[in-house]
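Student: The structure is given below, and queries will be raised subsequently.
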Amino acid sequence: MRPEDILAPTPAGVCCKLGAFHIDPTRTVERALITHAHSDHARAGHGAVLATQETLDLMRLRYGDNFAGTTQAIGYGESVNLGGARVTFHPAGHVLGSAQIAVEANGLRIVASGDYKNAPDPTCAPFELVPSDVFITEATFALPVFRHGDATMEIGKLLASVALFPERAHLVGAYSLGKAQRLIALLRQAGYRAPIYLHGAMVSICRYYLSRGVVLGELRTVSGADKAELAGTITICPPSALSDLWTRRFPDPVTAFASGWMRIRARARQYGVSLPLVVSDHADWSGLTTTITATGAGEIWVTHGQEDALVHWSETRGLKARPLDIVGYGDEDDAEAAGEGGSSA
Ligand SMILES: [Zn+2]
Ligand SMILES: [Zn+2]
């Protein structure tokens, strides 16, 4: 049996004929297995959805109760048999509830890792290395120029700026699912105890994280606050709000954007932010290549971003590699900066 007989790329996403399911389908299908709740992976309208409880809950928050015909929750380390395939979910370290999906049949294991990072994140379970024969990897930041560094250093930059400009407000653009909560949790780990203000689009997801035991400290909404009260404070907002009239309610705001793209100065200028913070929920070049090596996989399928460089790198290491060419996956930060982040933007 070839790997393609277990999982095959189709225009709707990776498909397992044996088990009659798709993983992170980009079109509506009968049965979907979903790695995490970001909107490019988790779409509404599938017949049946199998995902972690957190992913199902976050999809319900975003899309409403009728987001799928039926749902089934699965925990990390749990397996189910679907047709002739055995499916197991493992933590991906990307956002709360994010999973890699291992599909096994006839002694072959393919791991679809979804979006992942192998950097520490206080808001979700850490990435688990799952040995595999075929590893399907994302490629959002798959160029050697991308080195995300230590997120706590970036938090230090933000706090230094807050200390330097006590009369100004700090607005931090951050994707509303995952990045926003990670920034807040990192600020708390760094000892920042003041209330943190939220744009309205952040409130329901932050509340959900709180209900799952993630430590975020005191949160307030911006809408009730007057301008003077916001001096010296930190507000987390969707990146698209940074260029919005909404910013006028803040005293002389310093704008920051937390994203892996902030490694590129031209990007920071393009978004007009004065304080770029390199914080990403995706693996950087070194994270991608060390993870690929560590899985022991002899074959690498690359999707979701800059496929070519990672395919080339894999081939120079003697691995079989191919791009999957599935259209429809995009980077959350980029989409939301452009105001395409969907209902939660
Ligand atoms: Zn994602
Ligand atoms: Zn994605």
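The values are calculated or read from the model by the stated rules, or taken from the named source; none is laboratory data. It should be emphasised that the depicted structure is a prediction, and the values quoted were computed from it without experimental measurement. All Cβ positions, glycine included, derive from the backbone under ideal geometry; neighbour counts span all protein chains shown.
Student: Quick check on my filter: what residues within the stretch 3-26 are more than 16 Å from ligand 2 (Cβ to nearest atom), not hydrophobic (A, V, I, L, M, F, W, C) and not in a strand (DSSP E or B)?
Tutor: Those that are more than 16 Å from ligand 2 (Cβ to nearest atom), not hydrophobic (A, V, I, L, M, F, W, C) and not in a strand (DSSP E or B): 3, 4, 5, 11, 17, 19.
Student: Next question, about the same structure. So, in the stretch 28-51, exactly how many residues are of a type outside the set (A, V, I, L, M, F, W, C), part of a loop (DSSP other than H, G, I, E, B) and away from ligand 2 (no atom under 16 Å from the Cβ)?
Tutor: The initial filter retains those residues of the stretch 28-51 that are of a type outside the set (A, V, I, L, M, F, W, C), namely 28, 30-31, 35-36, 38-41, 43, 45-47.
Filter again for part of a loop (DSSP other than H, G, I, E, B), leaving 28, 30, 35-36, 38-41, 43, 45.
Subset that is away from ligand 2 (no atom under 16 Å from the Cβ): 28, 30, 45.
Summing the residues that are of a type outside the set (A, V, I, L, M, F, W, C), part of a loop (DSSP other than H, G, I, E, B) and away from ligand 2 (no atom under 16 Å from the Cβ) in the stretch 28-51 gives 3.
Student: Let me ask something else. Name the single residue, out of those in the stretch 78-113 being part of a loop (DSSP other than H, G, I, E, B) and free of Cβ contacts under 8 Å to residues at least 12 places away in the same chain, that is farthest from ligand 2 (Cβ to nearest atom).
Tutor: First, pick out the residues of the stretch 78-113 that are part of a loop (DSSP other than H, G, I, E, B): 78, 83-84, 92-98, 106-107, 113.
Going one step further and asking which of them are free of Cβ contacts under 8 Å to residues at least 12 places away in the same chain, we end up with 78, 107.
Values: 78: 23, 107: 30 Å.
Only one residue fits best here, namely 107.
Student: Right, next: Can you tell me which residue among 211, 240 is closer than 30 Å to residue 116 by Cα, of a type in the set (S, T, N, Q), out of contact with any Lys or Arg (no Cβ under 7 Å at 6 or more places or on another chain) and surrounded by 14 or more Cβ atoms within 10 Å (Cβ to Cβ)? If you could, list the steps in order and put the result at the bottom.
Tutor: Values: 211 fails: surrounded by 14 or more Cβ atoms within 10 Å (Cβ to Cβ).
Of 211, 240, the one residue that is closer than 30 Å to residue 116 by Cα, of a type in the set (S, T, N, Q), out of contact with any Lys or Arg (no Cβ under 7 Å at 6 or more places or on another chain) and surrounded by 14 or more Cβ atoms within 10 Å (Cβ to Cβ) is 240.
Student: The conditions are (1) buried (at least 24 other Cβ atoms within 10 Å of the Cβ); (2) at pLDDT below 95; (3) among the hydroxyl-bearing types (Ser, Thr, Tyr), and residue 10 fails exactly one of them. Which is it?
Tutor: The failed condition is (1).
Student: Which of the following residues is more than 15 Å from residue 138 (Cα to Cα) and surrounded by 24 or more Cβ atoms within 10 Å (Cβ to Cβ): 61, 50, 82?
Tutor: Details: 61 fails: surrounded by 24 or more Cβ atoms within 10 Å (Cβ to Cβ); 82 fails: surrounded by 24 or more Cβ atoms within 10 Å (Cβ to Cβ).
Sole residue among the options that is more than 15 Å from residue 138 (Cα to Cα) and surrounded by 24 or more Cβ atoms within 10 Å (Cβ to Cβ): 50.
Student: If you scan the stretch 262-302, which residues turn out to be at pLDDT below 95 and among the hydroxyl-bearing types (Ser, Thr, Tyr)?
Tutor: Hits for the stretch 262-302 are 271, 274.
Student: How many of the residues in the stretch 21-62 are within 16 Å of residue 94 (Cα to Cα), more than 13 Å from the chain's Cα centre (by Cα) and of a type in the set (D, E, K, R)?
Tutor: Residues in the stretch 21-62 being within 16 Å of residue 94 (Cα to Cα), more than 13 Å from the chain's Cα centre (by Cα) and of a type in the set (D, E, K, R): 2 in total.
Student: Cβ contacts < 6 Å: first residue over 16 Å from residue 123 (Cβ atoms) and of a type in the set (D, E, K, R), restricted to the stretch 275-287; second residue at pLDDT 95 or above and buried (at least 21 other Cβ atoms within 10 Å of the Cβ), any location; separation 6+ or different chain. Result?
Tutor: 284/141; 284/146; 284/148
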